[in-house]
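What follows is one structure encoded as structure tokens, with my remarks underneath.
The values are calculated or read from the model by the stated rules, or taken from the named source; none is laboratory data. Worth saying up front: this structure is predicted, and the values here are computed from it rather than measured. For neighbour counting, all protein chains shown are included, and Cβ atoms are generated from backbone atoms with ideal geometry for every residue, glycine included. All accessible areas refer to the heavy atoms of the entire protein, side chains included, with ligands and DNA or RNA removed. Shrake-Rupley method; radii C 1.70, N 1.55, O 1.52, S 1.80 Å.
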Amino acid sequence: MKKLVLFYLFTFAFCFSAFAQTLTVRDIMREPSLAGMRAEGERLSPDGKYVVYLWNAKGEESKDLYLVSTDGTGTKVLVSPKDLISPNAAPTPENKLNYGLIVDDDFAKSRRNQIGNLDWSPDSKRILFSQNGDLYVLNVMENNAKPRRLTKTQSAEFAAQWIDDNRILFSQNGNFFVMDTGNFSLIQASKEANPAAFVSIFNAAPTKNGDLIAYVVSDGSKQKTLFVPNYIDEFVQSPTTRRGFSEQKILVANSDGSLEKPIEIKLPKAEGTGYIRGIDWAADNASLIIDRVDKDLKRRQLFYVFNVGGKDENTILVTEETDEKWVAPLSRIVEPNPKDALQLFFGSERDGYNHLYLATLDKSKFKDGKANTKIKQLTKGNWQVEWAKWNPKVSEIICLSTEKGTATRQFSIINVEGKNIAPFDDTEPNKIRGMIESPQLAEDSNSNVPQVLYGFSKWNQPTELIAEKLCFSCSATENAYNPVKLTNTTPESFTNRKWNEPKFIEIDSRDNKKIPAKIYLPNDFNKSKKYPMVIFVHGAGYLQNVINGWNNYYREFMFNEMLTQKGYVVLDIDYRGSAGYGRDWRTDVYDFLGGKDYDDHLDAIDFMTANYAVDAKRIGVYGGSYGGFMAEMLAFRTDKINCAAALRPVADWKNYYYSSPIYTAERLGFPDKNPEGYKRSSPISYADGLNKPLLILHGLVDDNVPAQDSMQLIEKLIRLEKTDYFDEMIYPAESHAFVRPSSWTDEYTRILNFFEKHLKHK
């Protein structure tokens, strides 16, 4: 009898444990999140001693402003949004007709009054931030200090930053202004903005000493208006935004307003369509480095404008390269040497992977745009550099790369000779292989050892902030090479949960390449059985998801876990065009979106049916944005899948060209010049091939992939009499990235029910 009781107790405990681990869609999408709230807006002080960030201990909106020392001590709340709201604010009058949809509900109210735009003063003593469009300064070195309000204006202030210990640069009504916080003087630094004529100003870059400000003037008068109708308020509204290419020029002004007319930078005339990617000042506070793309996004030119506005001003072409497909986004890495005004490094995919190149100019040879520039490749290999900064104290460069594997990221330090003087060491006990993201470097530390701040995560460990001194040869007593965890934002309930670990594999493609993939299997997986499979397709097109890390797809991670609990195999691949694998992988989608990336999915399906007991008659797919596009392509063009859920999908790339012209033109050129490329890349062209269930879900106020795409596809499917094969759901309050838990829950409940109906009962 005793043994029988113990048996039942054990069985009950086991069943209860298993039940406790079971997920529901509501669990996954709730707020506060099961995974907790991530710290955001983090900024490392220039001296490397402190970090500020935004977070809420309850995992609820809105977020408080926190301060922590980089040694991990002294975490405290500096200010809460509610502290900045006047207690005498007039209450909202009651609306007796407010019996239907409440637009301004508690969820909307919780997102108001957010703190943002954090920036340290150069002396690392004060924090600049904004709330409701107004600017505040807080002295973090004073105990019990209260924020000092700098502005209280009808027009909001944006893009605020310190230019020295007293002055702040910010944008208001389109133009830039400089405020002296000591005497409250205000100087208008630019005058060219003209909203009525669609002329805007952006990307203001002050010199290190704050004397000069360079900025980009953009004439968008030839852009087209994008309408995004909103039906949920009392009256239907149709907000507009303008999209398309613009004419751009760079101007330079004095921060004290002493120049009557700004200096215009004279560059060689651009050829074809292009844009200014970046501007940086050299160490002399007088010479400007400009990164420009033109020739219809296929040529990158890097210019060095010596001594801007001086009699000996000279514009030098540092480097030029052309990619027959499109210029690599990672080549945006451009860093002037903080100690040598005639030296800089830049990123380039010219050898197939994004690597660093050192450019050294010879001032004595400046003539007619030439300078006898010496360019040396600093890093090399079948891996890519994704972030790099100069160590401001010595001639070293700190890099973040995929050198030790594409699923993780690692730091290394190299010198100007290209020698790796501090490689990643796999044997170092303090190093845990995972994803590193968003690094920041202390710019004015007194130590030669660089202090960095970054986010670190693993597949089942959400991102936490880490501070580390990157000295691979220092002793432990120097507190270097010892990562310090600054935040603890993950609830114990998440950490203690047993998650289904994905398997990282590679799949052979039909053109003899390796497709990175991760698969999730049911806990009781048995190859003698047959399983339904769901494919998750990540979005963005240029994004990586086969990583040992955390990212914005944390809801999908938990949803995939839930699918395995229900007996599904889940597949997730980094198809052609994904980030992290070099130039050829990135550009293999050129001129045909839905070409090799589509083939990668077919090859992966064949592999899974052959090797992981997947039932070829029970395969579904879901994904959002580019993932929704691919789901529709698979639904219309192959019988290898049996149903598809397309979230906020691109159905017609000519529509997306008008919404996001740079992204689309990079991959497909221009609609009028490449109509066949747009046609073969657009799911709507294949709509007559639909012979299986398709679920379309789209936010109505989506200003990235407008709901126009799904509306047009739905109308075409109606005209093709495909009523038996498709269903749709529109979300009136949601844009491209959903925000309401109720919307997320509704969307993924529909997707789950859709898969359960079409894949589990065949």
(Q) Under the 0.36 nm per residue contour assumption, what length would be gained going from the current alpha-carbon distance of Lys617 and Lys514 to full extension? (A) 34.5 nm
Q. What accessible area per residue, rounded to a whole number of Å², is obtained for the chain using a probe radius of 1.4 Å?
A. 45
Q) Using alpha-carbon pairs under 8 Å, 6+ residues apart, how would you state the relative contact order of the range 592-698 in percent? A) 31
Q. On full extension of the chain, what length is gained from Asp180 through Arg719, given 0.36 nm per residue of separation minus the C-alpha to C-alpha distance?
A. 187.7 nm
Q | Rounded to whole Hz, the Karplus (6.51, -1.76, 1.60) HN-Hα couplings of the range 392-404, x for glycine and proline | A | x, 9, 9, 7, 10, 10, 8, 10, 10, 8, 9, 4, 9
Q: Kindly provide the trypsin sites (Lys or Arg not before Pro) of the range 296-375 that DSSP labels as loop, not H, G, I, E or B, and whose Cβ sees at most 15 other Cβ atoms within 10 Å.
A: Lys311, Lys339
Q: First compute the accessible area of the chain with a 1.4 Å probe, then give the percent of it belonging to carbon and sulfur atoms.
A: 49
Q. Each label point is 7 Å from the Cα along the Cα-to-Cβ direction; what then is the distance between the points at Glu247 and Arg750, in nm?
A. 4.5
**Q.** Value of [θ]222 nm, deg cm²/dmol, for the chain, DSSP H segments ≥ 4, -39500 (n - 2.57) each, nearest 500
**A.** -5000 deg cm²/dmol
Q. Which lysines have a Cα less than 17 Å from the Cα of Lys191, not counting those fewer than 8 places away in the same chain?
A. Lys249, Lys261
Q) Once the Cβ-Cβ distance between Asn704 and Lys152 is put in as r, and R0 is 51 Å, what FRET efficiency do you end up with, to the nearest 0.05? A) 0.95
(Q) What FRET efficiency comes out for Lys261 versus Met711 if R0 is 56 angstrom and r is the Cβ-Cβ distance? Round to the nearest 0.05. (A) 0.70
Q: Pop the C-beta distance of Asp639 and Gln21 into the FRET formula with R0 = 41 Å and round what comes out to the nearest 0.05.
A: 0.70
Q: Can you tell me the relative contact order of the chain? Whole percent, Cα pairs under 8 Å, sequence separation 6 or more.
A: 9
Q. Which of the aspartates and glutamates could a cross-linker span from Lys760 if the Cα-Cα distance has to be under 15 Å and same-chain partners fewer than 8 positions apart are dropped?
A. Asp615
Q) Say each of Ser221 and Asp165 gets a label point 7 Å from the Cα, pointing the same way as Cα to Cβ; how far apart are those two points in nm? A) 4.6
**Q.** Taking N as its residue count, the alpha carbon Rg of the range 500-629 over 2.2 N^0.38 Å
**A.** 1.00
Q: For Glu721, Glu396, write out the residues from largest to smallest accessible area, computed with a 1.4 angstrom probe and no ligands counted.
A: Glu721, Glu396
Q: Using a/c under 1.5 as the rounded threshold, could you call the range 167-323 rounded, prolate or oblate? The axes a ≥ b ≥ c are square roots of the C-alpha gyration tensor eigenvalues, and prolate needs a/b larger than b/c, oblate otherwise.
A: oblate
Q: Report, by chain and number, residues whose modeled amide H sits under 5 Å from the one on Phe176, excluding near sequence neighbours (fewer than 5 apart, same chain).
A: Ala189, Ser190
Q. So who's got an amide H within less than 5 Å of the one on Thr273, skipping anything under 5 residues away but keeping other chains? H placed 1.01 Å off N, in plane.
A. Lys295, Asp296, Leu297
Q. By how many nm would the segment from Glu94 to Tyr686 lengthen if fully extended, with 0.36 nm per residue of separation less the alpha-carbon distance?
A. 207.9 nm
Q) Can you give the angle from 0 to 90° between the axis of helix 554-565 and the longest principal axis of the chain, with both taken from C-alpha atoms, to the nearest 10? A) 20
(Q) Rounding to the nearest 10 and keeping the result within 0 to 90°, find how far the Cα-based axis of helix 741-759 lies from the longest principal axis of the chain. (A) 40
Q: Count the net charge of all other residues whose Cβ sits under 12 Å from the Cβ of Val216, scoring Lys and Arg as +1 and Asp and Glu as -1.
A: -2
**Q.** Karplus-derived HN-Hα couplings along the range 232-241 (A = 6.51, B = -1.76, C = 1.60, θ = phi - 60°), whole Hz, x at Gly and Pro
**A.** 8, 8, 4, 10, 5, 10, 9, x, 10, 9
Q | Sequence-distant lysines (8 or more away, or on other chains) whose Cα lies within less than 27 Å of Lys146 | A | Lys49, Lys58, Lys63, Lys76, Lys82, Lys109, Lys125
Q) Once phi is turned into ³J(HN,Hα) by the Karplus curve 6.51 cos²θ - 1.76 cosθ + 1.60 with θ = phi - 60°, what whole-Hz value does each residue of the range 688-696 show in order, with x for glycine and proline? A) 5, x, 5, 9, 8, x, 10, 10, 10
